[in-house]
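Chemist: Pasting a structure here, questions to come.
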Amino acid sequence: MTRTYAIVATCFATLAAVVLPGVASADPGRATSLDVDVVTVELDKTQASLALGRSLTFTSTVRNPGGQEVSGAIAHLNVLAVDPGVYVDPEDWSGERTQYLDPIGAGEAETLEWEMQVVNSGRFIVYVAITSSEAAGTVIASKSLRLDVAAERTLDASGLVPIAAGVPGVLLLLMGLVMIRRRQHRPRNGSADNG
């Protein structure tokens, strides 16, 4: 029975070599997917400070220092809050968080530009991860970009209370003075005609 399995396995291997010649005779100088052992990713910034509502543009460079072409790389932008309790919805920060890279030749690099809109105040970490579409593929992450976002300056409500209460009071006072003045300058009935 073992001999039968060996014959069947040999037939399948021969059939695969004939039907799928690219698999049996792959070019060793060309990678068919992301080789994470040779790909690196770097950001052009490591720190930034912005005001709420501003935009941030930076680049990431994906390098292939290896001897084979790398294809199938996918870059993804990630944002996380350093402070607990700060909610981050990455889709609010950037409309284009995923970029698909062209094949990168041996010793070459590809630069990607990222644009973000700052929508929360606080301290954040931004990084770019590289992976491929393969199941259980390795993920390579850049070093982080530390982003400090200043809170939006708002009007102090305590300064509004005297104004909110004072303006109607001043208007009532002025209306009262106008009414008193009108009464004083109104001619009296009958005093001028009876003389």
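Chemist: Cβ-Cβ under 8 Å, sequence separation 6+ or interchain: first residue in the range 77-93 and in contact (Cβ under 8 Å) with a residue 40 or more places away in the chain, partner in a loop (DSSP other than H, G, I, E, B) and surrounded by 14 or more Cβ atoms within 10 Å (Cβ to Cβ). Which pairs?
Modeler: Short answer, once both residue conditions are applied: 77/94; 77/97; 78/97; 79/88; 79/94; 80/88; 81/88; 81/120.
Chemist: Now for a separate question. With respect to residue 120, is the statement that it is open to solvent by less than 50 Å² (accessible area, probe 1.4 Å) and part of a strand (DSSP E or B) true?
Modeler: Considered against the rule, which asks whether it is open to solvent by less than 50 Å² (accessible area, probe 1.4 Å) and part of a strand (DSSP E or B), residue 120 comes out as no.
Chemist: Since residue 189 meets every condition but one in (1) of a type in the set (S, T, N, Q); (2) out of contact with any strand residue (DSSP E or B) (no Cβ under 8 Å at 6 or more places or on another chain); (3) modelled with pLDDT of 80 or more, which condition does it not meet?
Modeler: (3)
Chemist: In addition: Quick one: in the range 29-60, which of the residues that are part of a strand (DSSP E or B) and either modelled with pLDDT under 75 or hydroxyl-bearing (Ser, Thr, Tyr) (or both) is nearest to residue 115 (Cα to Cα)?
Modeler: If we take residues in the range 29-60 being part of a strand (DSSP E or B) and either modelled with pLDDT under 75 or hydroxyl-bearing (Ser, Thr, Tyr) (or both), then 57 is nearest to residue 115 (Cα to Cα).
Chemist: Can you list residue pairs whose Cβ atoms sit under 9 Å apart, with the first residue in the range 163-181 being modelled with pLDDT of 85 or more and the second being assigned to a helix (DSSP H, G or I)? Count only pairs 6 or more apart in sequence or on different chains.
Modeler: Within 9 Å, no pair qualifies.
Per-residue answers, yes or no, for (1) closer than 23 Å to residue 44 by Cβ; (2) open to solvent by 20 Å² or more (accessible area, probe 1.4 Å); (3) assigned to a strand (DSSP E or B):
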{"site": "66", "(1), (2), (3)": "yes, no, no"}
{"site": "76", "(1), (2), (3)": "yes, yes, yes"}
{"site": "87", "(1), (2), (3)": "no, yes, no"}
{"site": "91", "(1), (2), (3)": "no, yes, no"}
{"site": "102", "(1), (2), (3)": "yes, yes, no"}
{"site": "111", "(1), (2), (3)": "yes, yes, yes"}
{"site": "128", "(1), (2), (3)": "yes, no, yes"}
{"site": "136", "(1), (2), (3)": "no, yes, no"}
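The values are calculated or read from the model by the stated rules, or taken from the named source; none is laboratory data. Only a predicted model underlies this, so the values are computations on that prediction, with no experimental measurement involved. Note that we place each Cβ from the backbone using ideal geometry, even for glycine, and neighbour counts take in every protein chain shown. Areas reflect the complete protein model, heavy atoms only, side chains present, ligands, DNA and RNA absent. Shrake-Rupley method; radii C 1.70, N 1.55, O 1.52, S 1.80 Å.
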